[in-house]
Amino acid sequence: MKLSMGQIVRRALGLALGLAVVAAGGMLFAGSALAELGQPAVWEYKLQESGSPVMDQITGFHNFLLWLITIIVLFVLALLIIVMVKFNAKSNPTPSRTTHNTLIEVVWTIVPVLILVAVAVPSFRLLFLELDVPKADITIKATGKQWYWSYAYPDNGKFEFDSLMAADKQPRLLAVDNEMVVPVNKVIRVQTTGADVIHSFAIPAFGIKIDAIPGRLNETWFKATKTGWYYGQCSELCGKDHAFMPIAVHVVTDQEFTAWVGDAKKKYAASGTSEFASAGAAAQ
Ligand SMILES: [Cu+2]
């Protein structure tokens, strides 16, 4: 079957229209799907809602870059279209023989340099914010294991417990049996290490992702600004159940945290999984 140019154009337009309708439908659906703080939403195409000052900055930087690249892409597209329309062989049969223009060469060197500086300055500021751990209120050690996490609270009762995915709880694949609990508006220093292979401790809403490497202690930090549940996942391919070792953080008020520490001390000391408990027993 041979299609005429008109038919091809009409079909292409039809296809584009169809795709646009599907995309618009998806956007509407995404808008109506309730985006919940601390976990992914159906049809989510943006970053997760921020729950920490670092993530606020990451989101701001991301949006700034998005505007910047959009403007650059539109500018280059406009130049291309001008060249195609004004300077093709038909409309411009005798082309100019110009090879140099000092002013325009200086401009197209200086402007990209300025753009890179405008990107680099907030980028480095953000890197320092992420890597320079402020004075911590609470330190938690997260140990990645095949395939679950263990959380130790060395300065709050010296207990440690395992956190495994809970298949019967919601949200699916993110809920755990024993969650990490932290107080709101406190600087939490997270030290990570791996017990067997490399894992990675990541919570999108806090803007943190740091490798948990055997024989090495990495550290990062977050300050949750709102109470609630926050979920993340191991983000380093670590074996067959890599996808089933979620991270769940429950952010609570100071009073609730104190109460939880009181309960946790008894609960996890009795469970015998704590290295602190066994160290204490060995010392006696
Ligand atoms: Cu892992």
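The values are calculated or read from the model by the stated rules, or taken from the named source; none is laboratory data. Given the structure is predicted, the values throughout are model-derived calculations rather than measurements. Positions of Cβ are generated from backbone atoms using ideal geometry, with glycine treated the same way; all protein chains shown enter the neighbour counts.
Key figures for this structure:
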{"quantity": "Every residue from the stretch 212-242 that is near the ligand (Cβ under 10 Å from one of its atoms) and either within 18 Å of Val176 (Cα to Cα) or part of a strand (DSSP E or B) (or both)", "calculated": "Ala212, Gln233, Cys234, Ser235, Asp241, His242"}
{"quantity": "Residue in the stretch 262-276 that is more than 23 Å from Lys158 (Cβ to Cβ), assigned by TED's automatic domain parsing to the domain that holds Lys145 and more than 17 Å from the chain's Cα centre (by Cα) present", "calculated": "no"}
{"quantity": "Close pairs (8 angstrom Cβ cut-off, 6 or more residues apart or separate chains): farther than 26 Å from Ile115 by Cβ in the stretch 70-98, among the polar types (S, T, N, Q) and exposed (fewer than 10 other Cβ atoms within 10 Å of the Cβ) anywhere", "calculated": "Val85/Ser91"}
{"quantity": "Cβ-Cβ under 8 Å pairs, at least 6 apart or on other chains, the stretch 35-61 side within 14 Å of Tyr230 (Cα to Cα), far side at pLDDT below 90 and in a helix (DSSP H, G or I)", "calculated": "Ala41/Ala30"}
{"quantity": "Where a residue in the stretch 232-249 is of a type in the set (D, E, K, R) and its partner, wherever it lies, is assigned to a strand (DSSP E or B) and more than 9 Å from the ligand (Cβ to nearest atom), with Cβ under 8 Å and at least six apart", "calculated": "Glu236/Asp211"}
